[in-house]
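Below you'll find the structure, written out as structure tokens, and then a few comments.
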Amino acid sequence: MNSRFMYHSAGSHGENISLSVFYVIVFFFSVPANAMALWVFCHPKNKTSVPRVFLTHLAVADMCYVLLLPMRVIYHASDGDWILGEVACSLSGFLFYLNLYCSLYFTTCISFDRFLAVVLPVRALSWRKPAYAKAGCAVIWVVVTVCMAPVLLSKQTVNLQLEEERNVTVCQQLYLQKTSPRALLSTAVAFSIPLLVLSLSYILILIKLKTVTQQTQSRVHLKARRMVVLTLANFLVAFLPFHIHRFIYIVRYSQPNVSDMEATSLSIGNRVTSALTCVNAVIDPLMYFFLADTYQRTLLRLLGRPESAQPESGQISNPVDMSSAF
């Protein structure tokens, strides 16, 4: 690892304080929201459906991710010095990527399921089975785990002496990315698949919704609109900046003409875009609230708000729509 990049990985005191506060805020809001989601989605009284299967696994991935944030808080509160040891560093990097990509792929599955429910509601009835959804989730967990396993097999902590004569331990898995051609290819493949599926699903859903009049809009159509908006916002904030910067970092890192200023910018970009990925765990509960009726009713009861038994204005129900509801 280039010494310039390791030097800049510690960050300034102000940056470390800002990131510590940011992670604490995300942890404070996301843990109870995702814990309630898991309780609602796993409750035995709630009927199992394809969307609920994907939402449950998404909540698990988000919860596992945010439970790692205290380690990052400790790291930044220690002013860029990793004091938790080699094992914690390796596990932190492994679980970060595991839950990041599982969240991305479960979000993609939810979007694809909405596409089937809206664009191919009758034809897709035979495909949209909870058993198939569970099998798909199991495949995602296994594939991502296998792909990320090498992180656990190599040394990830490096001792570094800064200019102010301060020795720190850098956990390379937090913000220093692999920069080999293989890393570039794997990142491109891992990100291009959900990007393509999400883009096509959104385009086809929006085309379908344009052909539906306000009078004939059903519950599933309105939920599809909300899903498009929330998932797109989540994708643009949490996933896209991280992967764009990762591409830039990998390409520029190997160039011999990288200045110290650019090295600083790339290192800061690593920390900022990596931090933004955890916003996913805050936006997803908003999606649960607007798309999952059981989650919405539970949260409203906890807040002391009355539940509305009336359907939303302009909605009508039919057997196809109700089979697609969350």
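Inspect all residues belonging to the stretch 180-195 and state whether any of them is exposed (fewer than 11 other Cβ atoms within 10 Å of the Cβ), touching a residue at least 24 places away in the same chain (Cβ under 8 Å) and of a type outside the set (Gly, Ala, Ser). Within the stretch 180-195 (the criterion being exposed (fewer than 11 other Cβ atoms within 10 Å of the Cβ), touching a residue at least 24 places away in the same chain (Cβ under 8 Å) and of a type outside the set (Gly, Ala, Ser)), the answer is no, since none of the residues qualifies.
Selection over the stretch 261-275 of residues that are closer than 25 Å to Val21 by Cβ and crowded, with 18+ Cβ neighbours inside 10 Å gives a count of 8. For the stretch 14-39, the candidate set comprises residues that are among the small types (Gly, Ala, Ser) and either within 16 Å of the chain's Cα centre (by Cα) or under 19 Å from Phe289 (Cα atoms) (or both); within that set, the residue that is surrounded by the most Cβ atoms within 10 Å (Cβ to Cβ) is Ala37.
One residue stands out in the stretch 154-174 among those that are polar (S, T, N, Q) and surrounded by 19 or more Cβ atoms within 10 Å (Cβ to Cβ): the one that is nearest to Ser201 (Cα to Cα), namely Gln173.
Could you tell me whether the stretch 75-84 includes any residue that is assigned to a helix (DSSP H, G or I) and free of Cβ contacts under 8 Å to residues at least 24 places away in the same chain? Write out each step before concluding.
Taking the stretch 75-84 and keeping what is assigned to a helix (DSSP H, G or I), we get 75-77.
Subsequent filtering for residues that are free of Cβ contacts under 8 Å to residues at least 24 places away in the same chain retains none.
Scanning the stretch 75-84, I find no residue that is assigned to a helix (DSSP H, G or I) and free of Cβ contacts under 8 Å to residues at least 24 places away in the same chain, so the answer is no.
Looking only at the stretch 250-260, filter to residues that are in contact (Cβ under 8 Å) with a residue 24 or more places away in the chain and not aliphatic (A, V, I, L, M); which one of those is surrounded by the fewest Cβ atoms within 10 Å (Cβ to Cβ)? Only one residue tops the list, namely Asp260.
Taking the criterion of being surrounded by fewer than 19 Cβ atoms within 10 Å (Cβ to Cβ), in a helix (DSSP H, G or I) and modelled with pLDDT under 90, would at least one residue in the stretch 40-62 satisfy it? Scanning the stretch 40-62 turns up no residue that is surrounded by fewer than 19 Cβ atoms within 10 Å (Cβ to Cβ), in a helix (DSSP H, G or I) and modelled with pLDDT under 90.
Residues of the stretch 84-96 being over 23 Å from Leu286 (Cα atoms) and either in contact with a Phe, Trp or Tyr (Cβ under 8 Å, 6 or more places away or on another chain) or crowded, with 17+ Cβ neighbours inside 10 Å (or both), which ones?
Restricting attention to the stretch 84-96, the residues satisfying the condition of being over 23 Å from Leu286 (Cα atoms) are 84-95.
Leu84, Ala88, Cys89, Ser90, Leu91, Ser92, Gly93, Phe94, Leu95 - these are the residues of the stretch 84-96 that are over 23 Å from Leu286 (Cα atoms) and either in contact with a Phe, Trp or Tyr (Cβ under 8 Å, 6 or more places away or on another chain) or crowded, with 17+ Cβ neighbours inside 10 Å (or both).
Out of everything in the stretch 98-129 that is aromatic (Phe, Trp, Tyr) and either more than 20 Å from Val146 (Cα to Cα) or touching a Leu at 6+ places or on another chain (Cβ under 7 Å) (or both), what residue ends up being surrounded by the most Cβ atoms within 10 Å (Cβ to Cβ)?
In the first step, residues of the stretch 98-129 are kept if they are aromatic (Phe, Trp, Tyr); the result is 101, 105-106, 112, 115, 127.
Going one step further and asking which of them are either more than 20 Å from Val146 (Cα to Cα) or touching a Leu at 6+ places or on another chain (Cβ under 7 Å) (or both), we end up with 106, 112, 115, 127.
Values: Phe106: 26, Phe112: 17, Phe115: 22, Trp127: 12.
Result: Phe106.
Of all the criteria given as (1) modelled with pLDDT of 80 or more; (2) part of a helix (DSSP H, G or I), the one not satisfied by Leu174 is (1).
Could you tell me whether the stretch 136-153 includes any residue that is exposed (fewer than 13 other Cβ atoms within 10 Å of the Cβ), part of a loop (DSSP other than H, G, I, E, B) and modelled with pLDDT under 85? The answer is no, given that none of the residues of the stretch 136-153 is exposed (fewer than 13 other Cβ atoms within 10 Å of the Cβ), part of a loop (DSSP other than H, G, I, E, B) and modelled with pLDDT under 85.
Quick one: in the stretch 256-266, of everything that is touching a His at 6+ places or on another chain (Cβ under 9 Å) and of a type outside the set (S, T, N, Q), which residue is farthest from Ala238 (Cα to Cα)? The extreme case among them is Asp260.
Among (1) outside any helix (DSSP H, G or I); (2) touching a His at 6+ places or on another chain (Cβ under 7 Å), which single condition is Gly269 missing? Just one mismatch for Gly269, condition (1).
Per-residue answers, yes or no, for (1) in contact (Cβ under 8 Å) with a residue 40 or more places away in the chain; (2) among the basic types (Lys, Arg):
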site	(1), (2)
Tyr105	yes, no
Ile110	yes, no
Ala117	yes, no
Leu120	no, no
Arg128	yes, yes
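Restricting attention to the stretch 81-96, does a residue exist that is more than 11 Å from the chain's Cα centre (by Cα), charged (D, E, K, R) and within 23 Å of Phe290 (Cα to Cα)?
No, the stretch 81-96 contains no residue that is more than 11 Å from the chain's Cα centre (by Cα), charged (D, E, K, R) and within 23 Å of Phe290 (Cα to Cα).
Counting just the residues of the stretch 63-73 that are touching a Phe, Trp or Tyr at 6+ places or on another chain (Cβ under 9 Å) and of a type outside the set (A, V, I, L, M), which one comes out modelled with the lowest pLDDT? Only one residue fits best here, namely Tyr65.
The values are calculated or read from the model by the stated rules, or taken from the named source; none is laboratory data. Only a predicted model underlies this, so the values are computations on that prediction, with no experimental measurement involved. Cβ: placed from backbone, ideal geometry, glycine included. Neighbour counts: every protein chain shown.
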